[in-house]
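The values are calculated or read from the model by the stated rules, or taken from the named source; none is laboratory data. Treat the numbers as computed from the prediction; the structure is a model and nothing was measured. Don't worry about glycine lacking a Cβ; one is built from the backbone with ideal geometry, like all the others, and counts go over all protein chains shown. SASA here: full protein model, heavy atoms, side chains in, ligands and nucleic acids out. Shrake-Rupley method; radii C 1.70, N 1.55, O 1.52, S 1.80 Å.
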Amino acid sequence: MFYRRSGIRHTRYQSERQLFPLGFDRFLILSVLAVLLAAPFLFDRLYVTGYLLPWLIWSSAALGLNLLMGGAGQVHLGYGAVMAMGAYGSVHLMRFGAPLELAMIAGGLISASVGIIFGAAALRVKGIYLAMATLAMQSIVDFVISQTPAISGGALATLQAPPARFLGISLSGERETYYFALLVCAVITLFMLNVRRTSFGRALAAIREKDYAAEILGISTLRYKLMAFWVSSFIGGVVGSVLAICYLRAVSPDQFHLDLSIQILAMVIVGGLGSVLGPFFGAALVLFAPILINNALGSAFSTFGMTVPIDLRAHLPLVAYGALVIGFLLYEPYGLAKIYSNVRTYLLVWPFRHAQR
Amino acid sequence: MSSTEAPVLSCEGVELSFGGLKALKGITFSVQPGEILGLVGPNGSGKTTTVNVSTGFYRPNAGRVRLFGEDITGIKPDRIARRGVARTFQNLALFKGMSVLDNILIGRHIHMRPSALGTLFYWWWAQREELAQRRVVEDVIEFMQLQDIRDEPVEVIPLGLQKRVELARALVSEPKLLILDEPMAGMNQEEKEYIARFILDAREERGVTILIIEHHMDVVTAICDRAIVLCNGEIIAQGEPRAAIAEPAVIKAYLGERAARRVGMGDAA
Ligand SMILES: Nc1ncnc2c1ncn2[C@@H]1O[C@H](COP(=O)(O)OP(=O)(O)OP(=O)(O)O)[C@@H](O)[C@H]1O
Ligand SMILES: [Mg+2]
């Protein structure tokens, strides 16, 4: 219906391989981008800094994890630790006077180099053992950070992020911060979109689908798994530093515990493994569903005149969100992005129903 | 390549056991440049295992494997691929969730320089390479007559075509040695003849040497220059295909002792 494919005739491979060959897709993307760009002028600042900004940052993190999980098929339960290394690394560098641009890249490099060491050890094992190994990484990194005063300033200390400038623009204002996060998110998104049409991304997908077939095509599985770990950890580190500098503005060890890893993992799974759109959906759902559920429950309880212990009310959203993850794993393993793509396919072939895609 | 005389592939006394089971009991054979060599034998005789040893998936317990005269025993499959070997699998090994085109493009891996930075700067870096490789891939797509389905997800096309895509993926890497593990399994006569044609053309146009495992004896006698017959991990006959599969030991292996005797008597009479 909206997605009109007739009349599109590719005469060059280049146009056939463009990111969004369909006009309507391009229109949607540009509209969303326009709204995001205009958001600070359209919406209340509470919404921009309280909702959009974290959404962008968490989506970026989920995109990074999705490269490893959806792209290369490797589980990682310690992504929060990866982000912690980037966050602490860049905050320390900036306290030493390094510019943000450099600190951010350095944060990424720190995460990537430590991440790849754990990766190299972890990749000797598969599946559940890999999950355990990355979980161990989370605990070790947590421990090292909180127990090393030189890094964290003590287990309960918070470390202030110094004021940052990006390309000469001060990031102390809320608008500037928002645009900075948007830029980082856009770059990561573009990278992830391109992954699907380059030999790098195909090699990752090949080892995910059939590692032995990939090998005899000349793809070294260990090498590409390590590359996936490296790139994914690098993105994690960069996003960690953005999180610390733009959003948290002060870092403490407990912000990067297993909770964060699980949260991002849930975003990837609920959003859709291997999809670029998925992490955005997933981040929105995981970040905001608990709030909505809480509000809905609150009003429901008050209309029915029930008094619910405050404890229970605090935990109900968590229960609901656990149920959500299980529900997706059972009924739509490819997540919200798959639901979106089903709708899109439906519209693409409408009024027929049996075309494959 | 060390010299033109060196065999493309040679196995010398290759032995392999799985636990207590001796799957290969000292196999010695070689594949000569430009030939199509058939590898036949009853189920479980060790054909696939021979190929797995030759392509680095298993390390032999004894014996050596040489490629163009160079020892490749124990080298990993991805290294062997870079030395000019491509293969297909008995049970299809296509990458699900990807289009036919992307599956075949992966076959170009060894000719490309994949990198994360190149991916980030696609328009300035990776695009030119992608398009150049695409031309090579399109040649093979045309050669294998897969134009109509190049954008289909690979799991929705019929089995016969999937086998053809896998063959295309192997061919596109421009191998010097192509190993095919039952490329015609489950095909009807027409599809079989198509594949046979592709195999002959691949040798003619691209000069590949081919080692093919095949159960269809008509195909083996039609396209192979030589055949090797395996039984219980041993080579029981080799030579001109018709002669090799008619040897008493082969008939016995396929049909059993009594049938072999009957055929033998028939010949004598
Ligand atoms: N990975 C393995 N582990 C244990 N045993 C194996 C393994 N692979 C093969 N075998 C055994 O080795 C023997 C040879 O198997 P192989 O697959 O090479 O036979 P084949 O000649 O290819 O047979 P088919 O015509 O059925 O494909 C069989 O007895 C098989 O059960
Ligand atoms: Mg076999």
Heavy-atom accessible surface of segment B:149-236: percent carbon and sulfur, 1.4 Å: 45 percent
Inter-chain shielding of B:126-136 (mean C-beta neighbours from other protein chains, 10 Å cut-off): 3
Accessible surface, segment A:296-357, averaged per residue in Å² (probe 1.4 Å): 74 Å²
In Hz, Karplus ³J(HN,Hα) per residue of segment A:67-79 (6.51, -1.76, 1.60; θ = phi - 60°; x = Gly, Pro): 4, 6, 7, x, x, 9, x, 10, 6, 9, 9, x, 5
At least 40 Å² accessible surface lost relative to isolated chain, residues of segment B:64-86 (1.4 Å probe): B:78
Filtered GluC sites (Glu not before Pro), segment B:1-60: DSSP coil and at most 11 other beta carbons within 10 Å: B:5
Å² per residue, accessible surface of segment B:9-264 at 1.4 Å: 42 Å²
Accessible surface, per residue, of segment A:210-276 when the full set of protein chains is kept, probe 1.4 Å, Å²: 27 Å²
Exposed-loop-free span, longest in chain A, where chymotrypsin sites (Phe, Trp or Tyr not before Pro) count as exposed if DSSP calls them loop and at most 12 other C-beta atoms lie within 10 Å: A:97-303
Among B:198, B:51, B:86 the positive-end extreme of the charge dipole of segment B:9-264 (Cβ point charges): B:51
Gyration tensor (alpha-carbon) shape descriptor, chain B, a/c threshold 1.5: prolate
Cα gyration tensor shape for segment A:43-355, rounded if a/c is under 1.5, else prolate or oblate: rounded
Total accessible area lost when A and B pair, probe 1.4 Å, Å² to nearest 100: 3500 Å²
Förster-model FRET efficiency, 56 Å R0, residue A:289 and residue B:261, C-beta, rounded to 0.05: 0.15
Candidates per chymotrypsin sites (Phe, Trp or Tyr not before Pro) in segment B:50-153, loop by DSSP, up to 15 other Cβ within 10 Å: B:121, B:123, B:124
Prolate/oblate/rounded call for segment A:1-155, Cα gyration tensor, a/c under 1.5 rounded: oblate
Accessible surface of chain A [probe 1.4 Å, protein heavy atoms]: carbon and sulfur percent: 68 percent
